[in-house]
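The values are calculated or read from the model by the stated rules, or taken from the named source; none is laboratory data. Every value quoted in this text rests on a predicted model; they were computed, and no experiment measured them. Cβ sites come from the backbone with ideal geometry, for glycine too, and all protein chains shown count toward neighbours. For accessibility, only protein heavy atoms count, side chains too; no ligands or nucleic acids. Shrake-Rupley method; radii C 1.70, N 1.55, O 1.52, S 1.80 Å.
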Amino acid sequence: IALSDRINDFFQSNYSLGAVPISVLGSVLSFLVRECSLICKKIDMLPDADGSSLDILSYMSGLIKGASRRHLRACGCYGQIGEFFCFTILQKLGAWPNSIITESYGCFALAASLNFANQGMMIDSSRMLDKAMILSPLIVGDVQDFVSYVRHHVSGFLFFDIFPCVVGDFSFMKDKIQGISLRSHPMELEKNDFVPQTFFSEYVEESKPLVIRGFASSWGALDTWRDLNFFIASYGHRLVPIEVGSMSDGTMKEELMTISDFFETYMIKSRDIGFWDIQTLQEKTSLIAYLAQFRIFDHIPELVSGLEGISFFQGGHIEQNAWIGTGGTRTPLHFDSYDNILVQVVGVKYVRLYNADQTNKLYVINANGSTEKSFCRQGNFSAVNCEFEDAKKHPLCLKATYMDTILYPGDALFIPAGCWHYIRSLSTSFSVNSFW
């Protein structure tokens with residue numbers, strides 16, 4: 001009741017406009033009214049064992065009222081309440097939330113971000129906007145002017161202690177890398193021998209993996225991204241989803257944290273360790289963290305300037321992701337439904353590949369089976385724990401044939417759709433992949 005009285009007081013006040021330009025404000029408020037109205041029409045489809053749909057509907061109705069009347073405090077108040085309420089639900093649901101919850105979350109977080117910006121609280125506005133973009137299908141194009149406004153003005157509020165912190169090149173660990181026993185290499189080409197037409201006819205169409213040495217040797221990111229302080233100084237305030245712990249042994253949990261916290265807590269310590277062998281990753285599990293399969297270029301588009309792109313694609317959808325993490329990160333054995341090019345930018349990775357004809361030896365986790373690992377529910381993960389195989393539980397996997405390789409900075413690996421792959425970071429690592 002007290003909360004309701006406070007919000008009604010906001011509606012009685014004349015407070016509406018502040019720091020945000022009216023043109024930018026109007027586009028966001030119109031977006032909120034339109035999207036919230038659509039959500040309210042779908043709210044009855046939400047499973048409602050605990051009555052949460054009525055709460056969301058109430059907060060959403062208040063948000064629509066505030067946005068329609070341009071009462072920013074009321075709009076922001078409902079936004080913050082709704083954001084907290086839906087965030088709690090999302091934490092309970094894990095990786096498979098109802099779309100209505102994620103859409104609602106995006107609107108509430110956007111409203112809260114707008115109110116923060118209108119009060120000049122730009123860091124709070126930026127972080128709330130990040131949460132909206134990470135946890136919901138927010139259509140950035142519809143509110144691009146506001147996104148640009150926040151990103152531009154937040155820079156004046158940022159102060160980070162800067163000190164040299166460069167990831168070493170692979171030469172310092174060359175002897176240790178050469179000690180890794182490789183079974184059978186995939187085909188390799190040097191950059192100068194790579195011909196796009198031949199690549200498509202002999203590798204893509206034939207579903208054959210290919211390593212392209214030096215593919216990205218001219219990318220500026222190979223030098224820029226080695227300096228961890230480049231990310232801290234430029235984007236330390238930005239929120240990102242980080243996997244802490246190991247996905248392979250079930251200890252992994254996902255947390256939202258700022259890039260500065262991620263780098264200072266995990267990446268710099270990983271850089272100090274240098275080479276991560278099997279023993280190190282077992283002993284330093286608490287120091288393993290991964291920004292995994294994150295569409296970072298949608299959130300920080302200026303990072304694209306460090307990449308030359310993959311120019312030989314002709315049409316088709318390209319989805320680019322970043323993989324930024326400590327040494328010791330392990331991506332469990334799985335396959336993707338799209339062709340994939342993985343480019344190593346900083347650090348070194350070990351990759352193991354099984355062709356699709358080895359599937360019957362890889363103990364595929366049934367998508368319909370009961371499992372606590374939500375990432376396995378798509379039916380494209382193996383129960384085999386690569387490099388730690390259990391001969392009693394999975395005897396056939398020891399008979400499966402595979403290829404393996406080491407990727408160095410600038411190298412690229414073509415992984416065909418349906419090709420099983422396992423990846424382990426041997427050092428602090430930055431990678432970019434493209435699905436098409």
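Residue check: F159 meets all listed conditions (1) open to solvent by 50 Å² or more (accessible area, probe 1.4 Å); (2) among the aromatic types (F, W, Y); (3) modelled with pLDDT of 90 or more but one, namely (3).
When the stretch 128-153 is filtered for residues that are part of a helix (DSSP H, G or I), under 19 Å from N98 (Cβ atoms) and without any contact (Cβ under 8 Å) to a residue 40 or more places away in the chain, only A132 remains. Residue count for the stretch 186-208, restricted to those that are open to solvent by 60 Å² or more (accessible area, probe 1.4 Å) and in contact with a strand residue (DSSP E or B) (Cβ under 8 Å, 6 or more places away or on another chain): 5.
Going through (1) surrounded by 15 or more Cβ atoms within 10 Å (Cβ to Cβ); (2) in contact with a strand residue (DSSP E or B) (Cβ under 8 Å, 6 or more places away or on another chain); (3) at pLDDT 95 or above one by one, T401 falls short only on (1). Scanning the stretch 354-379 for residues that are at pLDDT below 90, open to solvent by less than 30 Å² (accessible area, probe 1.4 Å) and in a loop (DSSP other than H, G, I, E, B) yields one hit, G379.
Among the residues of the stretch 160-168, not a single one is part of a helix (DSSP H, G or I), under 28 Å from the mean Cα position of the chain (by Cα) and of a type in the set (A, V, I, L, M, F, W, C). Only one entry of I232, I212 meets the criterion of being at pLDDT 90 or above, in contact with a Cys (Cβ under 9 Å, 6 or more places away or on another chain) and open to solvent by less than 20 Å² (accessible area, probe 1.4 Å), and that entry is I232.
As a summary of the residue check, V304 satisfies the conditions (1) assigned to a helix (DSSP H, G or I); (2) open to solvent by less than 50 Å² (accessible area, probe 1.4 Å); (3) over 30 Å from N385 (Cβ atoms); (4) touching a Phe, Trp or Tyr at 6+ places or on another chain (Cβ under 9 Å) except for the one numbered (2).
Of all positions in the stretch 69-90, none carries a residue that is touching a His at 6+ places or on another chain (Cβ under 7 Å), surrounded by fewer than 21 Cβ atoms within 10 Å (Cβ to Cβ) and touching a residue at least 24 places away in the same chain (Cβ under 8 Å).
Just one of (1) surrounded by 18 or more Cβ atoms within 10 Å (Cβ to Cβ); (2) out of contact with any strand residue (DSSP E or B) (no Cβ under 6 Å at 6 or more places or on another chain); (3) under 24 Å from G168 (Cβ atoms) fails for G274. It is (1). None of G315, G309, G327 is modelled with pLDDT of 90 or more and in a loop (DSSP other than H, G, I, E, B) except G327.
For the stretch 289-298, indicate whether the set of residues that are in contact with a Leu (Cβ under 8 Å, 6 or more places away or on another chain), under 26 Å from Q178 (Cβ atoms) and either surrounded by fewer than 18 Cβ atoms within 10 Å (Cβ to Cβ) or not β-branched (V, I, T) (or both) is non-empty. Taking every residue of the stretch 289-298 in turn, none turns out to be in contact with a Leu (Cβ under 8 Å, 6 or more places away or on another chain), under 26 Å from Q178 (Cβ atoms) and either surrounded by fewer than 18 Cβ atoms within 10 Å (Cβ to Cβ) or not β-branched (V, I, T) (or both).
Of all the numbered requirements in (1) surrounded by 13 or more Cβ atoms within 10 Å (Cβ to Cβ); (2) among the polar types (S, T, N, Q); (3) at pLDDT below 90, S104 misses one, and that requirement is (3).
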